[in-house]
Structures are given as C-alpha cells and as structure tokens.
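Working notes for the structure below.
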Amino acid sequence: MKKLESRWGDSANTRRISDQEERASAQVRIHGAHKSSLETGRRRLLLGAGLFTVGFLVLSMRLVEVALFNQVRTPVTVNEAAEFNDGPARADIVDRNGVVLATNLNTHSLYADPQDVRDSSDAATRLTDVLPGIDREEVAARLASDRQFVWLKRHLMPRQVAAVNALGEPGFRFLEEQRRVYPHGSLLVHAVGYAKVDNRGLSGLESTYDERLLAHPNKQLTLSIDLRFQHAMYEELTRAVAMHHPLGAAGIVMDIATGGVRALVSLPDFNPNDSGNVTSTALFNRATLGAYEMGSTFKIFTAAMGIDTGIITLQDTFDASEPLRFGRNIIRDFHGEARRLSVPEIFIHSSNIGAAKMALAVGGKVQRAFLARLGLLDRTAIELPETVMPRYPSDWKDVNTATIGFGHGIAVSPVHLCAAIAALVNGGLWHSPTLLAENEKPGKAVRVVSEATSHTMRQLLRLAVTHGTGSKAEVGGYWVGGKTGTAEKVGSNGYDSTRVLSSFVGIFPITAPRYLVLAMLDEPKGTPSTHGYATGGWTAAPIVARVIARVGPMVGITPILEAPIGNDFPTTVIKLDGNELHLAAY
C-alpha cells in the first residue's frame, strides 16, 4: 500500500510540479516583446470594432432620417416644374394622300444634378468635347449651381447619348421625351407650322390645332394639301427667286370646286427641325399674313361686277386715250393703246384707265358690296393663326373706286385673291379657303355671281392668255386662262415704278376649271431673258405655266387639242383690235 501511495503521491507531486512549470512558462511568454505585440493587436481589434460600430450607427441614422424626414429627390424641383415638360405626344399631320408631314420621335434629353457632379469645370470641358454645339462656359455655370436639375441639351441622337454615357459622370442623366419632326423640312413650314421644344404648337396648323393634336394623339390631322402640288410650286417658286432676286415670294394652288388649298408656299422660309434662330422675315407667311395691293388681277372683279349687274356688256367701250385725273392723282396705262377700248380689250391689254372708268360706271357703293361678297373686306377664315385683315378706305370716294378698279388702294392677302377669283370661274360659288380635307364641303358655298357671268369671265381669262399679257402662262393642251398683275409699291414719295409686286393667277383647264394657280414675286428684278422687265407677264406667268405642266399629268388631266364647245351659252362675238372674234362657249 505504501508503494502504491508513494506511486500516486509521486504522480500528484509530478502534476503539481508540471502545472507550476507551465504557469511559470506562461508568465515568461507574456513578458517583453511578446506581451507588447499582443497588446497592440488587441487595441487594433478593439479600434476596428469601434469604427465599424460607429459607421454602422451613422448609416443607420442616415437611413432613418431619409425614411422619416426627407422626401425622395426627384429630377425636377417644384420651382422647376414649369420649365420641364416631358413632351406630350401629338397626332401626326398628313397630306390628303396620307403622306406624313409631321410626326413624333422618342428621344433622350440630357440634364444634370449639379449636387452629384464631381468637378463642374472638368465635366463641362469633357461634355463640350462630345457635344460641340453647346457653350462650355454656360454649361460650367449650370453645373456649378446649387440647383438639383439643369438642362444641358434636349433631344440627343443615339450616338450622342452613347458618347455622354462614356464620360462616366454620375451627375449626367437622361429623360425620354417626344420630339416633333418634319420629314420634308422647310417644304410646308408656313402651312403646317412647327412645335417648340416642349412639343407645343407655335405657328401654322400646329398652333391652331394644338389642343386637338394633343388630346387625340392617335387621330391624325388630314390636310387638303397634296404634297406633289406642294413640291411643284415650291421648286418653281424657288427657281424664280434665284433668277429674279425678289424680297420674297408666295405661291398657292387651290381646288376651284371646294376651296381646298393643294399647295401653299411662302419664301423665304426656314427648317422647322432647326428653328432655334429664325428671322422674322422667314417666319412671315406672305400667302396669308401679307396684305398687298395686287394690281391688275383686280380687273377680274371690276369686269365681273359690271357684267353681273348688267351695267356693262362685252360690247361696251370706254375711252382710254387720255390719262384720268383726280386732283393730283393721275391714272395712266403702262403700255397704253391711246384709243377707245372695248371691255375685252381693256381686259387683255390691262388698261388702268379703262378699268377705272368701268368701276366708276358701276359705282363705289356697288363695288364695295361686291368685294365684300367675295370675302375681300374681311379676314379670311383659313385655319391659320397668321391671317391679315384687308386694308381699304373707310371713306370710299370716287378716286378710291377708280384705283380699286385696277388693284390699287386696297390690300389683301394672296389667299383672299385666290378664293375670290375661284368663285368667279367655278360657276359663281364662293368657298371659304381651307387647309383641312374635312372642311372641303361644296354644300357650304355661297353664290356671288350668276353662272352666265362665270362663263363670260372664263372667256375673258382665256383671252388674256391667248391675246393679252398672260401669253407666257400658256401650256399646250391645258387651255389656261388667267390674268397678270403688276402693282407699283408705295415709297417715300408715293408710288415707285421701280419697285413692283408682280403676280399671275392662272386657271386650268379653262374649259372645265379644276385648279387655280397663283404665283407672286415681291420686287423681282428684270433679267436679259425678260428684256429687263419685272412685270407679272414676264416673271410670274412662266412660274404658273411650269407648275401647271407638272401637276396636270399627276392628277390625270389629259391635254386636248381643241376646246369643247358648250351648249348652255351661245358663242359670243366681240371686237378685238378692230377684228371680230368668236369666243368659244366654255
């Protein structure tokens, strides 16, 4: 037992010695360099845990603040809401054949939140490198502002969007917008008009029907315009402008039976897809907003009112051998015949003296009432905001009656003139001019002259082309009728013979009128090919002839060699330059 106790006792003693040695060894290890390293690691661990805890607390508090006290920051602040508009959709505008004239495209517009821009100056520099069209200083100023939303550039192209994204600037962002585009550029700008950057209509039909186009984006607006007619008129008018260098020009093609405008051109013009810097001259619509003394085209009205009232017949004559005087006002002929003239001769030779005496024979009261029936004394109802009120004397004296008889002393727009003349050749029915297909309603016509008067006016208009000043408007097989107009413009010292408004109105085919074509040049210059003349017969009539030659085949009007003889009216016999002439019963 003693041995066993001795063995267990020895074993216990041994364990006690071993534990003491281990404790002693551990005490040795935590002293010196080892102890310093351990303490350093422990402090670092505690510091890291403390920083992590503080960061976690800060983030948690910020999340609580955002969730409970802050509104979510939107791209647009309350004060900027009026500035920003994401471009509401607009309905397409199409021509009478369904060709798109105005439509929308989805685009991206660039804006910035200056609060998220790291370096405004550097960001502006890099942005102008990829978008050269913007001003660096202006962009830098916007990016340095304290606002949350600033526009940088609207309606970027896809490649521009990609280039901006490649900059990696967190403050640059995009909004999807609707952009109004015009596939034919400036071709129809004065009729269709254009919409501004926020997709709201500014002029033309875009302005007139702004609410309708926005309220019914899937219901297209169909015009009376025929793009083929518009192309023909635009190109021929542009060609004449390049040749005669006028201040401006206007051209209209109208359906005689309905008043529907098939073409409306005003020059100079502008591209509605890039309407940032447009001059007032280019914005001005000469076809509907310009008021002009239209000159001898008004002799059509003078002849028609005299014939329709029965006061004048084609066999009547008037003395045009001497100028007509009203105090200091003297009425002369441009190329006078200096003799007594019949009514057809007054018309084809465009005698101012003869027309003035015809107007005086009818009287100012009848003249004023007649012009009013033709819509020449009121603002036209065409569907454009750009229209003009005609200018005429409030006190209609004899001198006014005489001068208005040959187109001076009264100012109207070209569209006024077209609607009135169309009524005199279509059987006597006046239609309000329209640019919308839905408004071409023959039932709304108003009778202004008899069918017999209309028939006689067609005869006279044909004579003016075959025997008179409108010969350069003739187109083989299309039997054109028409009248020239050359009006002197008012200068600082009265009428100036060196500055004229030249025009020609043509109707075809005169045997069964379908279309009226008007061309007008404001202060054209004569050329060697016109022998220096700038009159309507030399400058405007050729434009009308070329337009007729182009559009006639488009609408299936077959040229004919002989005019058909009608049965409703007898053939008229007149005296023309000393000879008898048998007029066909058109």
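Every read-out reported here was derived from the displayed coordinates using simple, explicitly stated rules and does not represent laboratory data. Note that the structure is a prediction, hence the values are computed from the model and not measured. FYI the Cβ positions are ideal-geometry reconstructions off the backbone, even for glycines, and counts take in every protein chain you see.
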Determine one quarter of the surface area of the Cα convex hull of the stretch 216-360, which equals its mean projected area, and express it in nm² to one decimal. 13.9
Nonlocal amide H pairs with SER203, under 5 Å, H built at 1.01 Å: TYR194
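Which links in LYS299/LYS489; LYS472/LYS525; LYS357/LYS489; LYS219/LYS444; LYS299/LYS357; LYS299/LYS365 stretch past 20 Å when you go from one Cα to the other?
LYS357/LYS489; LYS219/LYS444
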Can you find, among GLN230, ILE330, SER121, the residue farthest towards the positive end of the dipole of the chain? Put +1 on the C-beta of Lys and Arg, -1 on that of Asp and Glu. SER121
Relative exposure of SER503, SER224, SER60, SER203, judged by other C-beta atoms within 10 Å (fewest first): SER60, SER203, SER224, SER503
Could you tell me which residue out of LEU110, TYR194, TYR209 lies farthest along the dipole of the stretch 93-222 toward its positive end? Charges go on the beta carbon: Lys and Arg +1, Asp and Glu -1, centred on the Cα centre. TYR209
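To make sure I understand, if each residue's beta carbon is the centre and we count other beta carbons within 10 Å, what order do LEU127, LEU521 fall in, fewest to most? List each step's numbers first, then the result.
Details: LEU127 23, LEU521 29.
The fewest-first ordering by Cβ neighbours comes to LEU127, LEU521.
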Could you give P(r) for the chain, binned at 20 Å from zero, as whole percent values over all Cα-Cα pairs? 17, 37, 19, 11, 6, 4, 4, 2, 0
Relative packing of 392-400, 311-319, which averages over residues the other C-beta atoms within 10 Å, highest first: 311-319, 392-400
Using only the alpha carbons of the stretch 457-586, what is the convex hull's orientation-averaged projected area in square nanometres? 9.6
On a straight-distance basis, which aspartates and glutamates could pair with LYS441 in a cross-link, Cα separation under 20 angstrom, same-chain partners fewer than 8 positions away excluded? ASP95, ASP226, ASP255, GLU383, GLU451
The size of the Cβ-based charge dipole (Lys, Arg +1; Asp, Glu -1) of the stretch 147-225 about the Cα centre, to the nearest 20 debye, is 120
Compute, for the chain, the length of the dipole vector about the Cα centre, with Cβ point charges of +1 (Lys, Arg) and -1 (Asp, Glu) only. Units Debye, rounded to 20. 1560
Can you sort LEU143, LEU57 so the residue with the fewest Cβ neighbours within 10 Å comes first? LEU57, LEU143
